[in-house]
1. Which one is nearest to the chain's Cα centre (by Cα) among residues in region 85-113 that are among the hydroxyl-bearing types (Ser, Thr, Tyr) and outside any loop (DSSP other than H, G, I, E, B)?
2. For region 244-265, does any single residue satisfy the condition of being in a loop (DSSP other than H, G, I, E, B), modelled with pLDDT of 95 or more and crowded, with 17+ Cβ neighbours inside 10 Å?
3. Consider residue 64 against the criteria (1) surrounded by 23 or more Cβ atoms within 10 Å (Cβ to Cβ); (2) within 12 Å of residue 99 (Cα to Cα): it satisfies all of them except one. Which criterion is unmet?
4. Sort out which residues of region 96-142 are over 24 Å from residue 47 (Cα atoms), of a type in the set (Asp, Glu) and surrounded by 18 or more Cβ atoms within 10 Å (Cβ to Cβ), and write them in order of number.
5. Quick one: what pairs do we get from region 181-202, first residue touching a residue at least 24 places away in the same chain (Cβ under 8 Å) and among the polar types (S, T, N, Q), second surrounded by fewer than 22 Cβ atoms within 10 Å (Cβ to Cβ) and part of a helix (DSSP H, G or I), C-beta under 6 Å, 6+ apart or different chains?
6. Do we have any residue at all in region 127-137 that's outside any loop (DSSP other than H, G, I, E, B), aromatic (Phe, Trp, Tyr) and modelled with pLDDT of 95 or more?
7. I'd like to verify a number: residues in region 197-224 that are within 16 Å of the chain's Cα centre (by Cα) and within 28 Å of residue 13 (Cα to Cα), how many?
8. Taking only pairs six or more apart or across chains, which ones have beta-carbon atoms under 9 Å, a first residue in region 72-94 that is more than 20 Å from residue 205 (Cβ to Cβ), and a second residue that is of a type in the set (Gly, Ala, Ser) and assigned to a strand (DSSP E or B)?
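The values are calculated or read from the model by the stated rules, or taken from the named source; none is laboratory data. Worth saying up front: this structure is predicted, and the values here are computed from it rather than measured. Note that each Cβ is placed from the backbone with ideal geometry, even for glycine, and that neighbours are counted across all protein chains shown.
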Amino acid sequence: MRVACAQMRSTANVAQNLEQVASQVRRAAAEGAILVATPENTTFLGPAAQKLKLAEPVDGPTHRMLGEIARSERVWLLVGSVAERSERPDRCYNTSLLYDAAGQLQAVYRKIHLFDVDIPGGPSFQESAFVEPGATPVVADSPAGMLGLSICFDLRFPALYRDLVTAGATVLTVPSAFTVPTGEAHWHLLLRARAVESQAFVLAPAQEGRHDEAGLRESYGHSLIVDPWGRVLADAGRANPEGLAIADLDLSAVAQVRAGMPLRSPLWSTRSARAGSGQ
């Protein structure tokens, strides 16, 4: 079954970002993809104060438009993340939304591990200053397999993926907006590591390029699809804000790899991810 990771260069212009989504989904559907995934910060990438003002509930008007895109192209659509309104006026959630081919919302995942870093010579960012962390891992059934949902900085916490696999995930989604310095150092390395240790496919749609006129924020790109043996099946590269990484997944490969090299440890937690909506 064919899947696609859409590369984007989102900005603070929500309407233009939605046009990018529609264009990318249309192209992927024309290539035969049954599931399309977009990056973190799909609908807005700009100042935190503006993001908080624009945050909507899960069933808000912008999010309903995303469901309509899925319905119109008859594909499943994983929207890498949106700003979801929380109970606190000074915080929103960084939330993945999964729509089916009828445009119905099937799963909601709120980013657990927030991007709080201050790297010498690299990025300095405090996501927790305006984002409320989620608390629940989520696995959702889809025609492209059991999806274990995560977002960007989650990638650095392998225990989350262990829990997703324990709950039945065969495909891990990692929509991201990796910075250039950390992307060059760790993006391919960490995605391939998660695929190998989880013995699962990994879908990693990414933001690419400079997101504002001042060039203050730049994303690494390289939307990837990785197989359970750690092989990169598709890479959208850089300098390509409308790239598509497309590959055909043979889910029997997951069972074959896991049977040939059992990795379940007696030290693993029995805690499992919640299947379904995550709401």
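1. 96
2. Looking through region 244-265, at least one residue is in a loop (DSSP other than H, G, I, E, B), modelled with pLDDT of 95 or more and crowded, with 17+ Cβ neighbours inside 10 Å.
3. (1)
4. The one that is over 24 Å from residue 47 (Cα atoms), of a type in the set (Asp, Glu) and surrounded by 18 or more Cβ atoms within 10 Å (Cβ to Cβ): 100.
5. Close Cβ pairs satisfying both conditions: 199/257; 199/258.
6. No, the conditions are met nowhere in region 127-137.
7. 12
8. Taking only residues 6 or more apart or on different chains, the pairs are 92/83.
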